[in-house]
Structures are given as C-alpha cells and as structure tokens.
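The block underneath contains the structure these notes are about, expressed in structure tokens.
The numbers here are math on the coordinates, done by the rules we state, and not lab data. No experiment lies behind these values; they were computed from the predicted model shown. With ideal geometry, Cβ positions are generated from the backbone for all residues, glycine too; neighbour counts draw on all protein chains shown.
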Amino acid sequence: MKPEVETDDKPKQKPVSQPGVVNSRNLKEMRFDPLKVTGVWADILGHPSRPFFMMLFGMPGSGKSSLAILFGKYLAKELKMHVLYIAKEEGMSYPLQEKFNRLDAWDDNIDIS
C-alpha cells in the first residue's frame, strides 16, 4: 500500500489586501499630484505629493522651527499654498513671534496652532 502524499496543486493566492498596503504593480499605476518645489527645497525634499505633511525631530536649538517656518513661508508665498504651522514646542509665545519676525514669515496663507 502506497502512503498518501499531499501535493500543493492549489493555485497560489494573492495576499489579502490590508489598509495602507498596495501591490507594487498597483503603485506603478497610481497617479499623484506632486508639489512643484524648486531650488534648495527640491534638493532637500524632491517633489512630495499632495497632501503633504511634515514633522521634524531633533535636538533643542538645532533649527527645526526655523526650517519649518522657512519652508512654510516658501509654500505660502511661492506656491500660494495654505500652511498650518503647529507650534508644539514653543506654543503662542514671544520666541515664536521673534522667529517669524527674524525670518519675515508673515503671510495670510500661514496659520499657527
């Protein structure tokens, strides 16, 4: 008597789709709306697509806030985008006001939270 041998004749199934997971072939077909950043911002970030969110992390005093404010100023003035600057570290304060003054980042398209 011959022992039964299990064979794997079933067709392979694609993995079940999960939220936030796409197959590489699907990514190939997707269309995006990249920001048309130029100059040093394109060198640093490339061309991120909309919607665009950015979070910075680093040691105190390393320039995170200044970088974010300068980039927000660029987006607001050059690309006419609406910017929300979330002042998590400094909050609504004199140091934040000083930074906006120093960087001349006052613009109707920049909101601060």
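Here ASN109 qualifies as among the polar types (S, T, N, Q) and surrounded by 11 or more Cβ atoms within 10 Å (Cβ to Cβ). Condition first: of a type outside the set (A, V, I, L, M, F, W, C) and loosely packed, with under 10 Cβ neighbours inside 10 Å. Now tell me which residues in region 34-57 satisfy that. LYS36, GLY39, ASP43, ARG50, PRO51 - these are the residues of region 34-57 that are of a type outside the set (A, V, I, L, M, F, W, C) and loosely packed, with under 10 Cβ neighbours inside 10 Å.
Checking LEU56, LEU79, LEU96 one by one, the residue that is in contact with a helix residue (DSSP H, G or I) (Cβ under 6 Å, 6 or more places away or on another chain) and not charged (D, E, K, R) is LEU56 and no other.
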